[in-house]
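Report on the structure given below.
The values are calculated or read from the model by the stated rules, or taken from the named source; none is laboratory data. Everything numeric here is computed off the predicted structure, so don't read it as measured data. Note that we place each Cβ from the backbone using ideal geometry, even for glycine, and neighbour counts take in every protein chain shown. Accessible surface areas use protein heavy atoms only, side chains included; no ligands, DNA or RNA. Shrake-Rupley method; radii C 1.70, N 1.55, O 1.52, S 1.80 Å.
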Amino acid sequence: MTNLSTILLACLTLVNSAQANDNHISLFLEKHCLQCHGTEKQKDDRRFDNLPTEISTLNDLERYQEIVDQLNLGSMPPEDEPQPTNGAQAKTIAQLTEKLAVARANLHDTGGHSVLRRLNAWEYRHTIGDLLVINVDIWNPAETFPEEVKVDGFDTNGAGLVTSGRLMGHYFTAAEEAIRRATQFGSRPVSEIYSQKSPFYFEGKDAKELPKLFQTGRFRWVPETRYTDLYGRHYRGGHLGFLPLYQQGGGPHSGIYTIRVRAAAIGRPHDYGKALGDFRNGDPLVMEVVAVDRRGSVTSTGSVSKMSSLARIVSTSEEPQWFQWDVYLDAGYEPEVRFRNGPLSAKRMVRLLRTKAADKPEFKPFIDREDDKLARARGILKAYQGPRLRVWEINVEGPHINTWPTTGHRTLYGNLKPEELNPASIAQRLAAFAKAAFRRPPVDGEMEPIQQLVTRKLEEGVQPLKVLRLGFQAILCSPGFLYIHLGEGELSEIALASRLSYFLWSSPPDETLLELAAARNLRANLSSQIPRMLADPKIDRFVRHFVWRWLDLDNIGTMPPSAEFLAYYRDNLETAMRTETETFFRHLLDHNRPLQEFLNADYAFLNRELALHYGIQGVQGNALQRVYLQNNRRGGLLGQGAFLTASANGVDTSPVVRSIYVLEKLLGHTPPPPPPDVPIVEPDIRGAVSIREQLEKHREIATCAECHRKIDPLGFALENFNAIGGWRDHYDLQTPIDPTGKLPGGETFQTLPEFRSLLVAREEQFNRCLTEKLLIYALGRELEISDRPIIGAMLADLKSKSGGLQDLIHLVALSKSLQSN
């Protein structure tokens, strides 16, 4: 046989093979798909009878991809339709996958270009903080910015990050305040020691000009002892101010201060029963130190206009102890000591003790003092022997300043003094600051508008220092600072440094990255730089922001839980829940744990209060700690309070809402909305007792049945968790919860652990979902069909090395999608 004949035969064989594949696919679609997605009927607005044999458009590519996705999910064909054999289904998936791979090679979409995007509020906050070395945990420069538009839950998508005139006004104000805070001309602040011993309340002329917090009253008095007792959570009897710093307008300078408090936990076990409301008998007492700003405050807020928590300590000792913290205190703020888990407000406590503990002999002399309410309240509280936080003394020392002027000041002014400023030195400082602020050298002409502004102001006679600061503001309001510039095609080394740093740190590249980029060695050294970046404390920003965006954790608190969930407020569960999920993610990242542990980890990170909320005994302390789980109700994301609270509304639960949440967050599938031409039909739910019965009646409506068949079971599996993630066996005293269900693929489950096992069996689907979420977050755009083979390659690589979360982050950072635009 000649060479030509061999070639022709090979070509003919390939053609025949391709035709055979196409015939198989066509027959499969006709038998299993077109009855619901053909000429006469198009369920969910999907039509496949007009799919061409050759994929020539992106629309065709996406429709074929959807078929493969549904077959892989086991969602199609519906269980009440004829099912293909396992061999026929596997063959169809393989042929379609091959067909899609060929089509992707021949088609081009937008090329995966990320839209030119500005910094979102989280990135802006940390960019300002890193650039000017300002503590943005205390002062958030983006606090008043309009809420960001989220695309698929993420606020890194350039398409949603528009810039309005209103936002520009906020930028200018924030830039002005940031420069003011970073500017530190003058002598180095001297560290001072401030001290106050009990009493912490004052009367007569000594109290005349003080806020009520410092004045005696019904629930506050000058004690005859050398200590002061705090009784409840409210500022009336539950907070102690610090007079020395109040009298001088708060801390004199921003910086680190050492705060020391001598205190003890008194009367934890008590016999007052329900008179103390939701306080658990024998609980440790939680002392909290907060920073408060009293400027512009009113009495109804406890004379506090702004507040931030600095530290907490759990105490069980009745013997006085010194507790010490080094904390950041903003200028103008002062410390306040609070009884964080105190039983009630002192006012309510007196009222309940009068009614529910009136038989106690210690209260009888005061119960009926209707003629003197002050004597009655004080008498009851003095006789009271229940939980009290007893404080002897508060000391404050600071600020502790290591370098002067500060690093942020030197970034702005170098070693210049105000009297040394002239047009040349101003131009030099602006150019140096612009290079740092823009994360790159300014391009030709970029600084001209700012230089023109500076020149005009100097000619008008404006003071040189004010002109320079105005120039700094202009730089912080310019596109070079506010936008991330990446260009097109393969990223330059400088652009790669920015993309990596905003992916993992939410802030500009550091000196090491910039030096490597300038020398064109960053790309060659990525394998060593990524571990360094993951080990940097700034990785906490990625953990928090990605987890919050991925799982919608900002939903927690937007719909506050109802009053029936007292523990949520008493035990500060909102913070504990979020921190648990963040700590869990950070643990998997630090230890490069398998992704499967997101679904089936046999441990959790709990403090005492969160453990009790979960029904777990034996955990002590206010700090989160790793706890091995003895039962399988918890474990992995499915059992975490944040996951369960974010998928509820604070009052009750909805299997539909939780199902969609699980599908979107863990399985990467967003159910289609109802077709626009289908009217909203309210089902007849008369006679339905439970939510399951209501949804079963809902599924009797033909337009609702198919979607709810696939959606509802996932939510039923989680119905044992209430709106804040607590376990329940009944909706009420009569109605038991039925967590059973059947997945679209036909698998059934009777319990939550069985459902979790079925979810673990879909590990590859979860891995793809998480990879896609990470890539969306990193790229600042929605994924396109051209990203799919890159994701597939990453997942194959991860599987081949039995990799963990850290390996996945490496693969995302090294991917073609991230290194090009």
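Using amide H atoms built in the peptide plane, which far-off residues or other-chain residues are under 5 Å from Y333 H to H?
Here the answer is G251, since their amide H atoms fall under 5 Å of that of Y333.
Where does each of K799, K742 land when they are ordered by accessible area, with a 1.4 Å probe and the largest first? Show your work: numbers first, answer last.
On the way: K799 135, K742 90 Å².
Sorted descending by solvent-accessible area, the residues read K799, K742.
Using heavy-atom solvent-accessible surface (probe 1.4 Å) with all chains present, what is the largest-first order of M76, M287, M168? Each step should come with its number before you reach the end.
Working: M76 40, M287 5, M168 70 Å².
Sorted by accessible area, descending: M168, M76, M287.
Go through segment 191-252 and name the trypsin sites (Lys or Arg not before Pro) that are in a DSSP coil and have 15 or fewer other Cβ atoms within 10 Å of their Cβ.
Numbers: sites: K197, K205, K208, K212, R218, R220, R226, R233, R236; in loops: K208, R218, R226, R233.
In loop regions of segment 191-252 (DSSP not H, G, I, E or B), the sparsely surrounded trypsin sites (Lys or Arg not before Pro) are K208, R226.
So, taking all protein chains as they sit and a 1.4 Å probe, how much accessible area belongs to E147, in Å² rounded to tens?
150
For the chain, what is the relative contact order in percent, using Cα pairs closer than 8 Å and at least 6 residues apart in sequence? Display every interim value, and only then the final one.
On the way: 1246 pairs, mean separation 110.9, N = 821.
Relative CO of the chain lands at 14 percent.
From the helices alone, meaning DSSP H stretches of at least four residues, give me the mean residue ellipticity at 222 nm for the chain, per-run term -39500 (n - 2.57), in deg cm²/dmol to the nearest 500.
Working: 32 runs with 353 residues, N = 821.
Roughly -13000 deg cm²/dmol at 222 nm, from the helical runs in the chain.
So what J values fall out for segment 732-743 if you push phi through Karplus, 6.51 cos²θ - 1.76 cosθ + 1.60 with θ = phi - 60°, rounded to Hz, Gly and Pro as x?
In residue order, the calculated couplings are 8, 5, 9, 9, x, 8, 10, x, 6, x, 9, 6 Hz.
With a ≥ b ≥ c taken as the square roots of the eigenvalues of the C-alpha gyration tensor of segment 236-345, please select rounded if a/c is under 1.5 and otherwise prolate if a/b is larger than b/c or oblate if it is not?
On the way: a/c = 2.84, a/b = 1.63, b/c = 1.74.
It is oblate, given that a/c is not under 1.5 and a/b is not larger than b/c.
For segment 568-629, what is the accessible area per residue in Å² when the probe is 1.4 Å? Walk me through the intermediate numbers first.
Working: 2390 Å² over 62 residues.
Heavy-atom SASA per residue in segment 568-629 reads 39 Å².
Label the chain by shape, choosing from rounded, prolate and oblate, from the square roots a ≥ b ≥ c of the eigenvalues of the Cα gyration tensor; if a/c is under 1.5 it is rounded, and otherwise prolate applies when a/b is larger than b/c, oblate when it is not.
Numbers: a/c = 2.57, a/b = 1.32, b/c = 1.94.
Because a/c hits 1.5 or more and a/b fails to exceed b/c, the chain counts as oblate.
Tally up the carbon and sulfur contribution to the accessible surface of segment 271-314 as a whole percent, 1.4 Å probe, everything protein left in place.
On the way: 950 of 1820 Å².
On segment 271-314, the fraction of accessible area on carbon and sulfur atoms equals 52 percent.
Which percent of the accessible area of segment 559-614 is formed by carbon and sulfur heavy atoms (probe 1.4 angstrom)?
Numbers: 1020 of 1990 Å².
Looking at segment 559-614 in its full context, I get 51 percent from C and S.
Quick one: what are the phi-derived ³J(HN,Hα) couplings along segment 441-449, Karplus 6.51/-1.76/1.60 with θ = phi - 60°, whole Hz, x for glycine and proline?
After applying 6.51 cos²θ - 1.76 cosθ + 1.60, I find x, x, 7, 4, x, 5, 8, 4, x Hz.
Could you pull out every residue, at least 5 positions away or on a different chain, whose amide H is within less than 5 Å of the one on L310? Hs are placed 1.01 Å off N in the peptide plane, and Pro or chain starts have none.
Amide H to amide H, under 5 Å and 5 or more residues apart or across chains, L310 pairs with V289, V290, A291.
Assuming a ≥ b ≥ c are the square roots of the Cα gyration tensor eigenvalues, decide whether segment 290-390 counts as rounded (a/c under 1.5), prolate (otherwise, with a/b larger than b/c) or oblate.
Details: a/c = 3.38, a/b = 1.70, b/c = 1.99.
Oblate shape, in that a/c is at least 1.5 and b/c is the bigger or equal ratio.
Mind putting a number on the dipole of the chain about its Cα centre? Charges go on the C-beta only, +1 for Lys and Arg and -1 for Asp and Glu, and I need it in Debye to the nearest 20.
Numbers: 96 positive and 101 negative charges, 629 e Å.
Roughly 3020 debye for the chain.
Toward the positive end of the charge dipole of the chain, about the Cα centre and with charges on Cβ (Lys, Arg +1; Asp, Glu -1), which of T228, H613, L29 goes farthest?
T228
Can you give me the long-range amide H partners of E192? Hydrogens built in the peptide plane at 1.01 Å from N, cutoff under 5 Å, separation of 5 or more residues or another chain.
Counting only residues 5 or more places away or on other chains, the set is G398.
Using a 1.4 Å probe on the protein heavy atoms only, what accessible surface does W122 show? Give it in Å² to the nearest 10.
Accessible area of W122: about 40 Å².
Can you list the lysines whose alpha carbon is less than 18 Å from that of K665, not counting same-chain residues fewer than 8 positions off?
In chain and number order, the partners are K150, K710, K773.
For segment 700-820, what does the relative contact order come out to in percent, with C-alpha contacts under 8 Å and a separation of six or more?
Result for segment 700-820 is 16 percent.
For segment 772-777, just list the computed ³J(HN,Hα) in residue order, Karplus coefficients 6.51, -1.76 and 1.60, θ = phi - 60°, integers in Hz, with x standing in for Gly and Pro.
4, 4, 4, 5, 4, 4
Loop-only trypsin sites (Lys or Arg not before Pro) in segment 286-330, please: DSSP not H, G, I, E or B, and at most 16 other Cβ atoms within 10 Å. Each step should come with its number before you reach the end.
Working: sites: R294, R295, K306, R312; in loops: R294, R295.
Answer by residue number: R295.
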